[in-house]
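Below: the structure, in structure tokens.
The values are calculated or read from the model by the stated rules, or taken from the named source; none is laboratory data. None of these values were measured; they are calculated from a predicted model. Note: ideal-geometry Cβ built from the backbone for every residue, glycine included; neighbour counts use all protein chains shown.
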Amino acid sequence: MEHRLIGAIERALEWSGPEEIGKSFAHGNMGDPALVSRVLTPNRLLDITMRRSLERPQFRCFQKGDEVHPAVYYTDSVSPRGQSIPMVNMRSLGRLLDEGATLILDQANVFDPTMEVACRALQWWSHERVQVNAYLTTNEAAGFPLHWDDHDVVIVQLAGEKEWEVRGASRPVPMYRDADPNTTPTDEIVWAGVMRTGDVMHIPRGHWHQATRTASGSGRSLHVTFGITKRTGASWLAWLGDWCREQEIFRRDLDRQDRTGGKGLAEAAARLIDERPPADYLTAYEQATALPRHVPYLGILAPLDAVVCTTHFPPRIHENRETVTVVASGKRLTLAAEAAPALRLLLSGRPVPLERAAGLVGVEVAEVAEILVKEELCAVLTSELSSGYTGLVMNAAS
């Protein structure tokens, strides 16, 4: 899946691929104003906020460095039948933003199709899980104090300006669950400056950073932060812990009187490590990741005329002389070898209009599409989902 945003990020940061994630700080500009406004705008973020029932901590508001109590900007919307639904009071939120505040929407990819598709494209590109948070700051509002994240981030400035300071890491590759609390910032300043519309910044895991508009006067800043959580050696060992249960020796009670010092266990653990190296874990992690949410296909609502692959990671297609096998999201499908061209098109990650696709790979593409939708590897391309691809990802039949 080729996504315009990923190409722009690579060019801005002078990257040639995802291998640079986590290696070092990087900063640049995308130089594409049309792309910036296409990704997200302040008004679209506020529209998302208005139309959904959002709750803390997914939606938060900060003012003067402190979190604003939800009671200040939430109101229960009561239906004619007395049903109460918590909704953001847009008038109250507007007053806060007019005074100067920061609102944060975590996992914007859950609510907005453009953000959903961007995260999916980044996952296919990086082979790691990605989520995006949106930050809208107005006037001279402060941001979070100096802190570090337990994952790598790519920050895209979509509107206005915000002042940043990025410092080096106090502890190499710190983790959320770690042997050290890592609470003392380093004095090493890696970069300090203003992020302007179209700027992109990569902050590796563990680097201390803070952002603010306290000296920027009237105005606004909107940026999105793509959090990329990479697998670690600790992740691999936890995975091995699950596999060890297959062997009887690991299910036995530990013997306090064992005169060998657990030699048998150590030898079995060494064999397990050799049998299941990190590469196997990374492959299994992608293939076992659960299916995402999507609109179910119901023929009674509309015919199946366009689909798109929505798996978190690219499906693996294995072609043999007589069959072709697809492995993705904990599923393994085997079809006749003749289905291979249709599968490659339908599982490309790009939208597929079935009528046009039939002219490229044959009429059987519709039948294969029905199978993939039934197995939930592909989803119906609704107009809402389609909007997340328009202008950003070319359809597969072009």
Being surrounded by 17 or more Cβ atoms within 10 Å (Cβ to Cβ), under 25 Å from Leu291 (Cβ atoms) and touching a Leu at 6+ places or on another chain (Cβ under 8 Å) is true for just one of Asp106, Asp112. Which residue is that?
Asp112
Selected residue (only one of Thr311, Thr289 is crowded, with 17+ Cβ neighbours inside 10 Å and touching a residue at least 24 places away in the same chain (Cβ under 8 Å)):
Thr311
Among the residues that make up region 246-261, is at least one of them in a helix (DSSP H, G or I) and either among the small types (Gly, Ala, Ser) or in the same structural domain as His312 (by TED's automatic domain parsing) (or both)?
no
Filter result for Gly22 (within 20 Å of the chain's Cα centre (by Cα), at pLDDT 95 or above and either in the same structural domain as Trp125 (by TED's automatic domain parsing) or part of a loop (DSSP other than H, G, I, E, B) (or both))
yes
Test result for Arg321, without any contact (Cβ under 8 Å) to a residue 60 or more places away in the chain, among the basic types (Lys, Arg), assigned by TED's automatic domain parsing to the domain that holds Arg350 and closer than 21 Å to Glu370 by Cα
no
Listed residues Pro341, Pro296; which is assigned to a loop (DSSP other than H, G, I, E, B) and either of a type outside the set (Gly, Ala, Ser) or at pLDDT below 95 (or both)?
Pro296
Residue tally, condition touching a helix residue (DSSP H, G or I) at 6+ places or on another chain (Cβ under 9 Å), surrounded by fewer than 19 Cβ atoms within 10 Å (Cβ to Cβ) and more than 18 Å from Met195 (Cβ to Cβ), over region 16-32:
4
Residue satisfying condition, being closer than 27 Å to Trp208 by Cβ, in the same structural domain as Cys119 (by TED's automatic domain parsing) and either small (Gly, Ala, Ser) or under 21 Å from the mean Cα position of the chain (by Cα) (or both), within set Arg44, Arg60:
Arg60
Among (1) closer than 28 Å to Arg344 by Cα; (2) among the hydrophobic types (A, V, I, L, M, F, W, C); (3) without any contact (Cβ under 8 Å) to a residue 12 or more places away in the chain, Ala34 falls short only on (1)
Does region 280-293 include one or more residues that are modelled with pLDDT under 95 and farther than 27 Å from Met175 by Cα?
yes
Flag if Val132 is closer than 18 Å to Thr229 by Cβ and aliphatic (A, V, I, L, M):
yes
Kindly list, by first and then second residue, each pair from a residue in region 82-98 that is of a type in the set (Phe, Trp, Tyr) to a residue that is in a helix (DSSP H, G or I), limited to pairs with Cβ atoms under 9 Å and residues at least 6 apart or on different chains.
none
